[in-house]
1. If you go through segment 94-107, how many residues are under 22 Å from residue 321 (Cα atoms) and either within 16 Å of the ligand (Cβ to nearest atom) or surrounded by fewer than 21 Cβ atoms within 10 Å (Cβ to Cβ) (or both)?
2. Condition test on residue 269, is it more than 30 Å from residue 314 (Cβ to Cβ), in a helix (DSSP H, G or I) and in contact with a helix residue (DSSP H, G or I) (Cβ under 9 Å, 6 or more places away or on another chain)?
3. Is at least one residue of segment 21-32 surrounded by 13 or more Cβ atoms within 10 Å (Cβ to Cβ), in contact (Cβ under 8 Å) with a residue 40 or more places away in the chain and outside any helix (DSSP H, G or I)?
4. For segment 311-332, which residues satisfy the criterion of being part of a helix (DSSP H, G or I) and surrounded by fewer than 21 Cβ atoms within 10 Å (Cβ to Cβ)?
5. With the structure loaded, tell me whether residue 59 is surrounded by 15 or more Cβ atoms within 10 Å (Cβ to Cβ), out of contact with any helix residue (DSSP H, G or I) (no Cβ under 8 Å at 6 or more places or on another chain) and more than 18 Å from residue 367 (Cα to Cα) or whether it fails that test.
6. Return the only residue of 210, 205, 247 being away from the ligand (no atom under 15 Å from the Cβ) and over 27 Å from residue 118 (Cβ atoms).
7. Every residue in segment 135-145 that is in contact (Cβ under 8 Å) with a residue 24 or more places away in the chain and touching a helix residue (DSSP H, G or I) at 6+ places or on another chain (Cβ under 9 Å), please.
8. Select from segment 356-381 the residues that are in a helix (DSSP H, G or I) and surrounded by fewer than 14 Cβ atoms within 10 Å (Cβ to Cβ) and write down the one among them that is farthest from the ligand (Cβ to nearest atom).
Ligand SMILES: Cc1cc2nc3c(=O)[nH]c(=O)nc-3n(C[C@H](O)[C@H](O)[C@H](O)COP(=O)(O)OP(=O)(O)OC[C@H]3O[C@@H](n4cnc5c(N)ncnc54)[C@H](O)[C@@H]3O)c2cc1C
């Protein structure tokens, strides 16, 4: 190992992926290239994955030994860390075969919030979810509280051994297929977000839960508005302690934000593949597009941003796996991943000219999806506002 000036060993810093992660990456990449990309524009029925396609993908995932990669070993899964997960997410995101939100064919997609349930409730909700028998949704956003969940109006009022829940949630993905929702509601509004908000598991068939309408969108998601009208929830169905709801949701969102970054890696990479191939083949004014500096610079900018994003995402995942606080890294991964992957899709669309808008190519879908990612799970401006506090504390 070479020593660098100053006596530090250059071996202290290593950016190579560990061998097992490299193998995982290659395995998922082959799977995406062989099984997903060839059929990627035919896998959805409306906005949902066709059941027979889902079954086919899951069977293949099992054959590859990747089923349950997301689930801790104590619950029968592979218990892989975040480095492994971002690798899988990035590779899967090279294709538009799966709906952009909420379907994970290698795992049951268990919300980490559920690991905070007590043992009895774990049997009721967590284990059947891991077994793929129960679906869930997360209900946090409201008509008057989206990016600012501290302003939520849904209340959970304790009455003896129950809470009584009233309010309306909006934009809830997968609510129509969910057996239960993880609901975030105010238990003490005087305490604000930190201490005044709690998380609950609520059966979607409970009396007073009503699906109001699905919202049509430009992306392949039809999130629902749900009314909660005097819904009685037993105290045992509160997740963790009263007042910890925001903390749980934020912890989960941190991982979700890194996931956005990982998704960006896959999207940029595929847009580079498509853009470079088309630029070599398409001739205008007597030369291939690839020989035009304007086109080369679009590709090189995305290439550099891909490298930056990879460093950001793997740094965040590595720190998370070390048990460190990754709030700042998660914000950066989401902001940079969403914006640069949208830009990569936009550049790829431009390079393709009119064909970039064609619905038999994946580009226009990447473009729509990545634009939407800049808004959901925290709009860019709100994340930057929070990140600015950290910057001013650090450097002010
Ligand atoms: C497809 C889709 C799926 C979703 N799935 C779910 C789900 O499953 N569960 C769930 O709970 N929610 C879900 N959401 C909700 C989503 O997370 C929210 O839409 C998002 O957090 C933004 O909230 P909002 O729409 O109320 O925007 P607002 O909070 O009203 O913000 C509007 C805009 O104002 C700007 N802005 C706001 N505050 C500031 C500020 N302080 N400084 C500068 N600019 C600011 C931003 O540009 C922002 O985009 C989903 C939304 C969509 C579109």
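The values are calculated or read from the model by the stated rules, or taken from the named source; none is laboratory data. The shown structure was predicted, so the numbers you read here are calculated from the model rather than taken from an experiment. Methodologically, a virtual Cβ is constructed for each residue, glycine included, from the backbone with ideal geometry; neighbour enumeration extends over all protein chains shown.
1. As a first pass, look at segment 94-107 and keep what is under 22 Å from residue 321 (Cα atoms): 104, 106-107.
So of that shortlist, the ones also either within 16 Å of the ligand (Cβ to nearest atom) or surrounded by fewer than 21 Cβ atoms within 10 Å (Cβ to Cβ) (or both) come out as 104.
Matching residues across segment 94-107 total 1.
2. Working: more than 30 Å from residue 314 (Cβ to Cβ): no; in a helix (DSSP H, G or I): yes; in contact with a helix residue (DSSP H, G or I) (Cβ under 9 Å, 6 or more places away or on another chain): yes.
So residue 269 does not fit the description; no.
3. No, because not a single residue in segment 21-32 is surrounded by 13 or more Cβ atoms within 10 Å (Cβ to Cβ), in contact (Cβ under 8 Å) with a residue 40 or more places away in the chain and outside any helix (DSSP H, G or I).
4. Filtering segment 311-332 for residues part of a helix (DSSP H, G or I) gives 311-321, 327-332.
Matches in segment 311-332: 311, 315, 318, 319, 321, 327, 328.
5. Working: surrounded by 15 or more Cβ atoms within 10 Å (Cβ to Cβ): no; out of contact with any helix residue (DSSP H, G or I) (no Cβ under 8 Å at 6 or more places or on another chain): yes; more than 18 Å from residue 367 (Cα to Cα): yes.
The answer is no for residue 59.
6. Numbers: 205 fails: over 27 Å from residue 118 (Cβ atoms); 247 fails: over 27 Å from residue 118 (Cβ atoms).
From the options 210, 205, 247, the qualifying one is 210.
7. Looking only at segment 135-145, we keep the residues that are in contact (Cβ under 8 Å) with a residue 24 or more places away in the chain, and these are 135-143.
135, 136, 138, 140, 141, 142 - these are the residues of segment 135-145 that are in contact (Cβ under 8 Å) with a residue 24 or more places away in the chain and touching a helix residue (DSSP H, G or I) at 6+ places or on another chain (Cβ under 9 Å).
8. Our first condition is that a residue be in a helix (DSSP H, G or I); within segment 356-381, this holds for 356-357, 363-373, 380-381.
Next cut, surrounded by fewer than 14 Cβ atoms within 10 Å (Cβ to Cβ) only: 357, 381.
Working: 357: 22, 381: 3 Å.
The qualifying residue farthest from the ligand (Cβ to nearest atom) is 357.
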